[in-house]
Structure formats: structure tokens, C-alpha cells
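Participant: Here it is, the structure, as C-alpha cells.
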Amino acid sequence: MSDIQQYLLDYDRSKKDASVTAEASATRLQNRELKLLSFIQELGEYLVSEDGAMRAKTMAYLAEVLSFVPQKVLSLQQRNLLCDFIVSRFEDSEGLGSCAKALIALEELGKWEDERAVMITESLLNNTHPLRQYKSASERYAVLRLLDKMMANYRDVLRNLQENTPGFLSRFIAYFDGEKDPRNLMMVFSILRAPMAEWNISADAQELFEAVFNYFPIAYRPPSNDVYGITVQDLKDRLRDCISATPDFAPYAIPALLDKLDTPMVNAKRDALTAITSVASEYGPRTMALYSITLWDALKFEVLNVQEESLAEEALNALAAIARTLSQGTNGPLQAYLRPIAKECNEHLEDAPTKQSQASARFLKAIANVSPEVTNIVFPNVLPNLLVLYQNADTTSKRRGLLEVFVQLVRADIDVYGSWRSLGTADQSLANALTEYKDQALDVMLNGLNSAPIKEVSFRLVCLDGLLQMSKARQLLSDNQIGEIIQLLHSIVIHEESYGKDEVKEAAINGLVEIAHQKPEIVIHKAFPAFLAELPDKDEDGSKAYVPVLEAFAKLASEEQMFGTVILRVKNKFSAAVKQGATPTYLVALLSALLYALTQGESRLQQDPESSTYFQDIVLPLLQRAASSDSTHPAAFDNETTLDLVGRICNLIVRPLNLEQHDKVAVELYTLFTGSSQSALPPFQVDSTSEQGKTLIVSTHVLASLRKEATLPVDLQVLISSLVDYSQIPSLSPVVRSASLRQLSLICNKFIPASSLKSSINQLLHDPGELFSLEKLDSLRIRIIFAILKGVVPRNSPFLSTIYPEVLAFLSHPQYGKTIAHGFTTLLQPDDLLTKVNHCQISGLHKQKSFALLVPNITAIFSESSAETKPNCLIALSGILKWMPFDIVVEEVERLVPLLLQSLDLSGEDLVKEAAIDLLLSVLREKPKVIEEYIGSLISRLLNNSTTTATRRTVGSSNLTAAPLPPPKVRTAALKCLTLVPDKLRHETVLPYRRQVTKRLTFALDDRKREVRGQAVKCRRAWLDVDEVDDDE
């Protein structure tokens, strides 16, 4: 059987086998086992067959063989003969796509002469015009690929053909008429883009424009099974490139696009605005000068009367693009464009504050930040009038409206000329038009901020914003003028009375921070002395006037040049406050400011930690004060909040130190550099005082900061057993107990080597620790078990496969089953100490492993357990899933949905319900089909948890009981989930529940909590939008 016969036999059965046959033929041609003449002769009888499908398959065979033939196998003469033979087949109505593929394969074997490229193009147009007569989109696609290759590789040849052949371009354009397939359209737009941009098309410009604009706007929704990945945006982008390809289209494109702005369809209008922006950027200044005023008259209404914010934004982009293009030409057209804009904006400013004046601010900002040429025309035309209107304004609201416009102009100036720390788009040698008006504007805003009544918050905030923007503008204000602004801002922070939400004070603090980024030395010179003068050594009168000053100090540390100064000043003030016996409240405020400042400058701490003096100057004194027991011990250091802040500050400073320094710190982990005997201190001494026990709060943060290679002060097993014993003391405060348990977690995570992890943990859980002993089990031991697990889980240890089943077995414990179940919530809960920055071992796959080991086992236990144990399983499952990324859960979601729904019936387990609802929300968003089967159960449970009249069956019981009112967070979450149901599930699935839901929601609409009522309104609207088609029947 010949190759062609085998190919034809395989073609309908297996395209893959047919390709193998074609490849074998190509190999024979390459090895000279098959002569080209014999190969063509074999095709002859099939190419003259009356069966069109047979002829098409034969050409497909030829195309595939040529695609497998390597270069240099066929000579130029052979390629030309093949080319002539294939072109002759254009006359056949069958197999056109394969002919095109064969020519593409031939061209890849070697470029054609110019005459042959012309012959192929003309033959294609003469024999296959119009292309739409071929019904197969894939056949047309092959032809379009051929033409695209011709346009790419023989562009000059085809341009000469067009110039020397009357009517060629018209025939070429008409060749593509009526194409509708998205993939083919992408290719058509690509092919036509070249003549649009590079050929002389003046005589055919309208025809060429209409050929592509007929598809505007693109209305295409890709099918769900689309294998080509063509998106609506791809088509829109390619079409827009065509429309903006040449200024010859301007007489047709601009009127047509403006007509589209009258459409009520938002998407079509948005596409038209985007296209206008594109043509404004590409058509050039000479062309845009002819249409700029017309476009302004049309586009301004999209901003003056906002239909949708995205449309207004795109209209502003278009206006800015026009200004940008015109600024590249002569000054006359630019002035002609900007003059009516400035005139209309000035008219709107007279009535400020109105929507029109706000729109004017947007116009001026969008256009002014285009270029210095635009800025220098706009400012002289607008600012004098604005400042006169301000002086004559008789209301604060009008003055505020005018200043809002001014602030937008200053922002535009910064975009063009830059700030003190960054250059703008303009040449720095150019004059800034804003300079002429800076003194008058500065006086206006300084006086406005300083003299306006304290209750005029919005006006003063605008003044403050204006001052801040002017201080940032590059080379606009002198250092003295910026100093005036700083002086006013720190005066507000220090002296102004509190009013409302203190928005002006907060803005003043943030303004100082912003200015510090630009001019740190002026802030240090002007603001620091004033701030320090307001910080007392001792807060005797109980006043908290120091709070905003400390807030400002702490935030200023984010500026690199001010970090060291801020830390030094706050540290010195803290030392003075301790010596003077300041209250714990004041010391906590100072420590909080120090912690915030260190956090802001954490990168500075890591740059050169060895040369830093912060350990000696800050850490050592803090640790010694915390652990001291003599008369010098400050009373404030008995406060657990104070000690927590001390620990966090020490953690930040110790963490980046090297291993040698960590070893030195580790030796003093529990003595805290006091010289005390370690054995007399907790956790080694269970009879220690409560004040000594509080030092564990500090040592926990220090332990977290140590590298895992650091040497601990005692034998590991001794330390672990001491912590286990100490954390079981009944009289411990919750904070101290939490600290001891967190130390256990940190030690299990960082300091137990992988080789001895299993044996060390086994000694704790079994013999001799006996934490798993049923007889000794209690709530304190359960907390210890989960503290140990919390440290082991992130390590992704293989040992977990042994521990987890033993812990799960406790879910059926009659007394402590529920406590065990709640413990699972802590396993994957984020912990600010168990992190990679604290040198902990955190495997990237630890959540996946815990999911695989726990979730299937819990579902199995649930199905086999008693009614008393089932709620424990649901609590444990919810606690695990709460911290799982949805992409881990997604594979098991079908099995989990029934259990999640039953979790919503649990009584008194509000955190469990909240976690279950959050996961159900994710299921609805990502895999809604999974939940359709349970739609009735889902809706009834969500309603029960969102309204006040719910009754339900508790898990494991058949009795209906009155349900207590869930907390607002659960009610709101349930309503959010219920709101999503009609949007994500099929209409016919949701429709039967419409009346039930809208009726029950009346209770939620009257809820006592505003957030619940607000979500109920959204939910009811979503369900009312479900069209009930049977209502009229």
C-alpha cells in the first residue's frame, strides 16, 4: 500500500496516524528513496477524483509532507515547480486550506522571488475572491495565515503591486468582506494594518476604514469550550490599532466614533472613548488640530454629566491625549484647543462648589499634567481668575470648592516638574508657570488653615492638602516657606484642641511625614524641638496631650534620614520617664512609639546590625529593668502590656544579629542579664513569684528572635519538661500561660533537630510525659499538646502521620472531646512569632500535608461516630479549613459541602459557623455547580443564621428548638453568602426559593445592627432581580 493510500485510510480514523504516514513520506524524500516526480504522480489519480473530499485530503497529505521536509532537501527549481503546481489547485473549490498550508511550508524552505510572490497573491485573489464563499473557518484561517506571511515577508513587493495595479487595493479589501470568525478576524485586522500604516491609501481610505469599522463595537462572547483563547479584549485591541493606524482615516473615524457616544450601551460608549484616545495619540498634531474643538465639545459631557465613572476617566484620558499630541506641534493649535477649555472651566468656577466646578478640576488636572507647554498655557488662563474668585467668595464652601481646583492644579504641576525627590516629565531648565502665583496661594492656604474655625474640618483639610502639595513641588517654595508650613502643622498637632475624629490633626501628622520625605532636615530643625518640649518626663496631671506628639514622632521614623534621630529622642525620653516614676500608661505610649518607629525602620536595623548600638542602648536596659527585683524595679514593668512591648522591641533588634551574638543572648534568655540564678527563675522554679513569671513574656519574644543554630542555656529536654510543668500551674495569668506555651511551640519548631524530633515528642506524649494518657487528660494538658503540635506542623515532619490519628481519637472523649476539637483551630492559625523572619522552619507544603492527613480522617470519623461526637468532628473540621487556601480545599469540596452545611446547625459555635460560611462563599465563587445539589439546605440554613426567628435541628437530634440569635458577624456573613446564590447558581435552580427568601429577609431588614440591615438590603435586591416568569400565569 502506497503512502498516499495509507494516509487516506488513516485520515478519517486517526489524524495522528495520518501525520506519522506523512512524516514517513518526508523522510523518504529526504533520503532520496522517493523522487519528487514519483511523489507528485502518486497524487495524480486522487487529485482528479470526482470526490471533492478525496481531493481535499490529498492536498492535506501534500501539505503535511512539505511541513516535515527539512530545508535544503528540495532545490529552488523543485520548490518553484511545486509552487506552480499548488497555485494551479486554487481553481479547485476543494482543499483551499491545504493549498495555503502547503505554500506556507514551501515558503519556510526558502524565500520566493518577488515575481512569484506577486503571482501567488494575484492568483489567490483571482481564484478565491471573496474568501467568505468558503464555509469552513479553518480553511479560511489557513488562507489568512498565508496572506499574513506574505504581508510580513514581502511587504515592499505587495506595496509596489498596489501602486502599479489600479483597483488592487479595492479588490484586496473586498476579499475579506463578511468574515465573522473571531480567530480569522484577528488575522484580517493584522493583515490590513500594514497597508493602513505604510501604503498610500488616500483614494481607498474610506473603503479601508469601513472594512474594519463595520465590526465596531466588538460584540463577541467567547464560547466556554473555546480552544483558541481569543478574548473580547484581543479583538478590541486589534480593531483599535486599525482605526488609529493612519491619519487618513480621521475624516471618517472621528465623526463615526462621536456618533457612537450617543449610544445608551455603556460598553459601546467605553470602546468609542478608548478608540478616541488611541486616534488622538496616533493621528499627529496637524490632523488633531482640525478636530480638537469638536472633540472637546463632545467629550466634556461625559465628565460634566457622569453616567459611569469609567466613562468619565476615559473621556479625560482622551482630552489629555489630544493636548499631548498638540503640544508636539506648533503653539497655535494648542492654544486654540486650550482657550475654550479654560474659558468654560472659569465659568464653572464662578458657581463653585458644584458638580460642574468639580468636573472643571478634573479637566484641568487631566490636561495640565500632560506637558510643560500645556501647563504654561493653562495656569495663566485659570489661576488669576481662581484667586480673585477666592478673595471675593462669601462662603466657606465656595472657598473650599475653589481650593480643591487649585490643589488639583498643583498635583498636575508635580507630575510635570517633579517633586524634591523625583524628576517630572519636563526639562528642568523650563520656567514653572506656577511660580508667579505661589506667594499669593501660600498666604491664602496658610491663613485658611490657621484662621478657619475648628469645626470647618473639610475646608481646613483642603488647605492642608494644598500646603502639602506646594511643599512637595520641585523648586517651587523656598526652605523658609516650607518651614512656615511645618511650623503650622506641628502647632496643630501640639496645641489644637481635639475635635470630632481629629481628622485635621491626623492629616497634619501625615503631612509632616510627607514633607519629611522631601525635606527631612527642615522637619528636624523646626518640628523636633517643639515636639520634645511637649513630651513630659512624668505625666503628673493625667493629661494625654502627648499622644499625637508621639504618633507624629513614630511616623517620622519612616524617613531614612530621621530614623536614628527619632529612636534616640524617644529612647532618652523613655529613660527619663522611668527614672521620674511615670505611670504605666505613659510608659506604654512611649514604648509603643518606639516599637512603631523600629518597625518602620526595620530595613535600617538589618543593614548593619553588628555596628549598631541599639542592643547596648535599648535592649540591655529594657531587659534588666524587666527582670530587676530590687527597689529600682519600675512598677510599670509589672504590667503585662508593658512587658509585651519590651519583648517585641527586643525581638526586632536582636533578630538580625549574627550567631555569635545570639549565643550570648541565649545564655541570658531567662536571667535577662541580671546575674540571677537561672534555677530560681521560671520556668525552672514552679514556686516563683507572679512578678518573676511575667518575665516569660519578654523571654518568649527573645527566644523567637534567636537563630535555630543558637545554643540554649540548658539541656533541651530539661527546658521542655520545665515548660510543660510550669504551664500546668493553675494560678498562672492567661498571658503568662500563653507565653510559656508559645515557648514550647518555638522550641519544637526551631531547636529540636530533625533526627531526634520523633523521640523527643514521643517522650512528651507517651512515656514519661504521658500527655496522651486518658486518665490524666485535662484542659491544660490539651493546650500543651496543641502547643507542641503547632511547632511541629510547619516543619512538615513525617512524624505527623503518627501523631494526628492519636489526637483525632480524642474527639470521642466524653468530657474533653469538644476542647480537643477547638484545639484544631490553633494548629494552622497565623502566629506573629512562628514566622520565617524569626528563623522558624516553615515548609511551603505544610498546609497541604495537614489537609491530607486530617480532613479525610475527620470525614470518616464523622460518618461512623455517635450523635454526641459528630459536633466535635464538625468543629475540628471547621477549625482546620478556616486557615486553608481554597486551592488546597477545592479537590475535596464535593465531600465537604454536606459537613459545612451541618456546621451551620451547631448551637453556640459562632466562630465555627463564620468559618463554614466563608468557605461556602468561596465554593459559590469558584465551584458553584458543586453546591446546586444542596440548594434547599443551603438557603434554609443561611436564612436561619441571618434572621431572628430561626428554629433548627441541632446536629445529632431530631427535635426542632428555638435558636439563639447569632452574633452580627455571622448574620452578615450568612447574608453575604445568600446574596451570592442567585448570581452564581442557575436561574431555574434559584427561582423556586425566591418567595421564601424575600419573605424571611423582612426580619433581617429590621435588624438592630446597621451592617446587617445594609447587607439584607443588598441580598433582597439580588433576589428580587430573579425574574419570576410564572407570576403572570
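For (1) open to solvent by 50 Å² or more (accessible area, probe 1.4 Å); (2) in contact with a helix residue (DSSP H, G or I) (Cβ under 8 Å, 6 or more places away or on another chain); (3) aliphatic (A, V, I, L, M), each residue gets a yes or a no:
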{"position": "SER575", "(1), (2), (3)": "no, yes, no"}
{"position": "LEU622", "(1), (2), (3)": "no, yes, yes"}
{"position": "ASP630", "(1), (2), (3)": "yes, no, no"}
{"position": "LEU652", "(1), (2), (3)": "no, yes, yes"}
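Participant: Just checking, does the range 366-377 include any residue being in contact with an Asp or Glu (Cβ under 6 Å, 6 or more places away or on another chain) and in contact (Cβ under 8 Å) with a residue 40 or more places away in the chain?
Facilitator: Yes, some residue in the range 366-377 is in contact with an Asp or Glu (Cβ under 6 Å, 6 or more places away or on another chain) and in contact (Cβ under 8 Å) with a residue 40 or more places away in the chain.
Participant: Right, something else. HIS846: closer than 30 Å to ALA710 by Cβ and under 25 Å from the mean Cα position of the chain (by Cα), yes or no?
Facilitator: Yes; evaluated as a whole, the condition is true for this residue.
Participant: What number of residues within the range 443-472 satisfy the criterion of being assigned to a loop (DSSP other than H, G, I, E, B) and of a type in the set (Asp, Glu)?
Facilitator: Final tally of qualifying residues: 1.
Participant: Which of the following residues is closer than 26 Å to LEU131 by Cα and not polar (S, T, N, Q): ALA24, ALA100?
Facilitator: ALA100
Participant: Consider the range 678-736. How many of its residues are touching a residue at least 12 places away in the same chain (Cβ under 8 Å), in a helix (DSSP H, G or I) and not hydrophobic (A, V, I, L, M, F, W, C)?
Facilitator: Matching residues across the range 678-736 total 15.
Participant: May I pose another question? With over 17 Å from VAL619 (Cα atoms), part of a helix (DSSP H, G or I) and touching a Leu at 6+ places or on another chain (Cβ under 9 Å) as the only criterion, which of ALA552, ALA597 stands out?
Facilitator: Matching residue, one of ALA552, ALA597: ALA552.
Participant: Here's something else I'd like to know. Identify, please: which residue in the range 828-851 is open to solvent by 10 Å² or more (accessible area, probe 1.4 Å) and in a helix (DSSP H, G or I) and is, among those, farthest from LEU765 (Cα to Cα)?
Facilitator: Out of the qualifying residues, it is VAL837.
Participant: Considering only the range 345-376, how many residues are within 16 Å of LEU409 (Cα to Cα) and charged (D, E, K, R)?
Facilitator: 3
Participant: Is it fair to say SER49 is among the hydroxyl-bearing types (Ser, Thr, Tyr), out of contact with any strand residue (DSSP E or B) (no Cβ under 6 Å at 6 or more places or on another chain), open to solvent by less than 60 Å² (accessible area, probe 1.4 Å) and closer than 28 Å to THR128 by Cα?
Facilitator: Considered against the rule, which asks whether it is among the hydroxyl-bearing types (Ser, Thr, Tyr), out of contact with any strand residue (DSSP E or B) (no Cβ under 6 Å at 6 or more places or on another chain), open to solvent by less than 60 Å² (accessible area, probe 1.4 Å) and closer than 28 Å to THR128 by Cα, SER49 comes out as yes.
Participant: Between a first residue in the range 781-804 that is of a type in the set (Ser, Thr, Tyr) and a second residue that is outside any helix (DSSP H, G or I), which pairs have beta carbons less than 8 Å apart while being 6 or more apart in sequence or on different chains?
Facilitator: The qualifying pairs do not exist here.
Participant: Consider only pairs whose beta carbons are under 9 Å apart and that are at least six residues apart or on different chains; among these, list those whose first residue lies in the range 1014-1027 and is within 17 Å of GLU988 (Cβ to Cβ) and open to solvent by 20 Å² or more (accessible area, probe 1.4 Å) and whose second residue is among the polar types (S, T, N, Q) and assigned to a helix (DSSP H, G or I).
Facilitator: Taking only residues 6 or more apart or on different chains, the pairs are ALA1022/THR979.
Participant: Scan the range 465-488 and give yes if some residue there is surrounded by fewer than 21 Cβ atoms within 10 Å (Cβ to Cβ), closer than 25 Å to VAL566 by Cβ, in contact with a Pro (Cβ under 9 Å, 6 or more places away or on another chain) and not assigned by TED's automatic domain parsing to the domain that holds GLU404, otherwise no.
Facilitator: Scanning the range 465-488, I find no residue that is surrounded by fewer than 21 Cβ atoms within 10 Å (Cβ to Cβ), closer than 25 Å to VAL566 by Cβ, in contact with a Pro (Cβ under 9 Å, 6 or more places away or on another chain) and not assigned by TED's automatic domain parsing to the domain that holds GLU404, so the answer is no.
Participant: Go through the range 393-414 and give me each residue that's of a type in the set (D, E, K, R) and either modelled with pLDDT of 90 or more or under 34 Å from the mean Cα position of the chain (by Cα) (or both).
Facilitator: Across the range 393-414, the qualifying residues are LYS398, ARG399, ARG400, GLU404, ARG411, ASP413.
Participant: For residues that are open to solvent by 30 Å² or more (accessible area, probe 1.4 Å) and touching an Asp or Glu at 6+ places or on another chain (Cβ under 9 Å), tally how many sit in the range 577-591.
Facilitator: Residues that pass the stated criteria total 5.
Participant: So which residues in the range 201-248 are small (Gly, Ala, Ser) and more than 30 Å from PRO285 (Cβ to Cβ)?
Facilitator: Listed by number, the residues that qualify are ALA219, SER224, GLY229.
Participant: Looking at (1) touching a His at 6+ places or on another chain (Cβ under 9 Å); (2) open to solvent by 10 Å² or more (accessible area, probe 1.4 Å), find the lone condition where GLN408 falls short.
Facilitator: (1)
Participant: Got at least one residue in the range 498-508 being open to solvent by less than 10 Å² (accessible area, probe 1.4 Å), within 30 Å of PRO372 (Cα to Cα) and not assigned by TED's automatic domain parsing to the domain that holds TRP420?
Facilitator: Scanning the range 498-508 turns up no residue that is open to solvent by less than 10 Å² (accessible area, probe 1.4 Å), within 30 Å of PRO372 (Cα to Cα) and not assigned by TED's automatic domain parsing to the domain that holds TRP420.
Participant: Only residues in the range 282-306 that are under 15 Å from PRO247 (Cβ atoms) count as the first member; pair them with residues that are open to solvent by 50 Å² or more (accessible area, probe 1.4 Å) and in a helix (DSSP H, G or I), Cβ under 6 angstrom, at least 6 apart or cross-chain, and list the lot.
Facilitator: That search, which allows pairs on different chains as well, returns TYR283/PRO247; GLY284/PRO247; THR287/PRO247.
Participant: Something else: If a residue has to be outside any helix (DSSP H, G or I), open to solvent by 10 Å² or more (accessible area, probe 1.4 Å) and not acidic (Asp, Glu) to count, how many in the range 885-905 make the cut?
Facilitator: 1
Participant: Follow-up question, since we're still on this one. Answer with yes or no whether GLN692 is in contact with a helix residue (DSSP H, G or I) (Cβ under 9 Å, 6 or more places away or on another chain), within 23 Å of GLY769 (Cα to Cα) and open to solvent by 40 Å² or more (accessible area, probe 1.4 Å).
Facilitator: no
Participant: Here's a follow-up. If we keep just the residues of the range 415-442 that are more than 32 Å from the chain's Cα centre (by Cα) and not in a helix (DSSP H, G or I), which is surrounded by the fewest Cβ atoms within 10 Å (Cβ to Cβ)?
Facilitator: So the residue we want is SER429.
The values are calculated or read from the model by the stated rules, or taken from the named source; none is laboratory data. As the structure is a computational prediction, the values presented were derived from the model and not from experiment. Here Cβ is always computed from backbone atoms with ideal geometry, including for glycine, and neighbour counts include all displayed protein chains. When the accessible area is computed, the model is the full protein with side chains, heavy atoms only, and any ligands, DNA or RNA have been set aside. Shrake-Rupley method; radii C 1.70, N 1.55, O 1.52, S 1.80 Å.
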